[in-house]
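Reading through the structure tokens given below for one structure.
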Amino acid sequence: MKAIGYQKSLPADDKDALHDIELPDPGPDDLGPRDLLVEVAAVSVNPVDTKIRANVSPDDGWKVLGWDACGTVKAVGGEVALFAPGDPVFYAGAVDRPGTNAELHVVDERIVGRKPATLSDADAAAMPLTSITAWELLFDGMKVPEGGGAGEAILILGGAGGVGSVLIQIAKALTDLTVIATASRDETREWVTRMGADHVIDHHGDMAGQLAELGITPRYVASLTGTDGNYETIIDLIAPRGIIALIDDPKSVDALKLKPKALTLHFEFMFTRSQQQADDMIAQHEILTRIADLVEKGRIRTTANRDGGRITAETLRAAHAHQESGEAVGKTVLTGF
């Protein structure tokens, strides 16, 4: 099968950062009892792709990245109960298994959802990882009840990124929270407004002052990027007994600074359930099923915003470079091998 892989961590603009390669097709012996073999039609690029490429060199052989895919089930393991060959699916995979940048991919059915019928393969491939991340952050981490949040607000730092784009939509579709997103350019301000944000503030400015002008003290803050530089500001502007959720990797977090306001800090990592083989792994199947329903009802839209072309080493290098530029809005999607 065709795949894109690497053997050494290199900058995205290096021609050897990613290679077009041929790997053996997965066979029946490669499928666990609850695994699906999926023929991949489309993928998208996430920060995890670029972080691993830049920082993790394979011990031997080729490492295949990719943690978003849309495709068709080709074969199933002996205990699979949720899908059958021919089913169209979308999913985010597992960080401790080979990635989706390959013609054929093996994935546990418990972290797979049915593809939304109203989306193209590319538009569907933009959604899984960020949707699961946003859902778990909001409902599992922050513990906002569906239909709840009336009179409260959530501040989303990095609202135009992949997770921010879908978090805005989920919060608007399923809660009564007031949603404030940060954006600093005309393009990103327009994007987060299109995603449904009630208010937009500039994270390069005085965020506490801008919120004061709006008369809003957020109970919830989702820090999706730049936590190192914004941590103390977040503590200053959040309401007492508020909840801060992070998805990035700050070099250090001083937990004692949370004490005066009795704040809660939550780290969201959507690969935890699969990596830890958690008893509730199937929750991610259920989340993706809910996302598909919301998309089909027109309550959530795809966050695909850039067509990266066909899936090749060259196009993926370009997509990685774009992701690393800090200019990415929504998601870059690629289709076909």
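For the reader, a short list of remarks on this structure follows.
- Against the list (1) farther than 29 Å from HIS204 by Cα; (2) outside any helix (DSSP H, G or I); (3) touching a residue at least 60 places away in the same chain (Cβ under 8 Å), the condition LYS143 fails is (1).
- Extreme residue, surrounded by the most Cβ atoms within 10 Å (Cβ to Cβ), among residues of segment 182-197 that are of a type outside the set (A, V, I, L, M, F, W, C) and part of a loop (DSSP other than H, G, I, E, B): GLY196
- Residue ranges of helices (runs of 4 or more DSSP H) in segment 31-140 with at least 2 members of a type in the set (A, V, I, L, M) and open to solvent by 10 Å² or more (accessible area, probe 1.4 Å): 47-55
- Any chance PRO26 is open to solvent by 50 Å² or more (accessible area, probe 1.4 Å) and touching a residue at least 12 places away in the same chain (Cβ under 8 Å): no
- A single member of GLU213, GLU190 is of a type in the set (D, E, K, R), free of Cβ contacts under 8 Å to residues at least 12 places away in the same chain and more than 12 Å from GLY159 (Cα to Cα), and it is GLU213.
- Among the conditions (1) closer than 24 Å to PRO47 by Cβ; (2) part of a helix (DSSP H, G or I), the only one that LEU211 does not satisfy is (1).
- Selection count where residues are among the β-branched types (Val, Ile, Thr) and surrounded by fewer than 24 Cβ atoms within 10 Å (Cβ to Cβ), scope segment 141-164: 1
- Selection count where residues are within 30 Å of ILE238 (Cβ to Cβ) and surrounded by fewer than 19 Cβ atoms within 10 Å (Cβ to Cβ), scope segment 272-285: 6
- Candidates VAL253, VAL200, VAL179, filtered to the one that is in a strand (DSSP E or B), more than 17 Å from LEU137 (Cα to Cα) and either open to solvent by less than 60 Å² (accessible area, probe 1.4 Å) or touching a residue at least 60 places away in the same chain (Cβ under 8 Å) (or both): VAL200
- Condition check for ALA171: within 20 Å of the chain's Cα centre (by Cα) and surrounded by 17 or more Cβ atoms within 10 Å (Cβ to Cβ): yes
- Filtered residues of segment 296-329 (kept if part of a loop (DSSP other than H, G, I, E, B) and at pLDDT 95 or above): LYS297, GLY298, ARG299, ILE300, ARG301, THR302, THR303, GLY308, GLY309, ARG310, ILE311, THR312
- Number of positions in segment 256-295 that are assigned to a loop (DSSP other than H, G, I, E, B) and either farther than 18 Å from PRO128 by Cβ or modelled with pLDDT under 95 (or both): 5
- Subset tally (residues that are open to solvent by less than 10 Å² (accessible area, probe 1.4 Å) and over 19 Å from GLY149 (Cβ atoms)) for segment 203-219: 1
The values are calculated or read from the model by the stated rules, or taken from the named source; none is laboratory data. Please read all numbers here as calculations on a predicted model, not as lab measurements. Here Cβ is always computed from backbone atoms with ideal geometry, including for glycine, and neighbour counts include all displayed protein chains. Note: areas computed on protein heavy atoms with side chains; ligands, DNA, RNA excluded. Shrake-Rupley method; radii C 1.70, N 1.55, O 1.52, S 1.80 Å.
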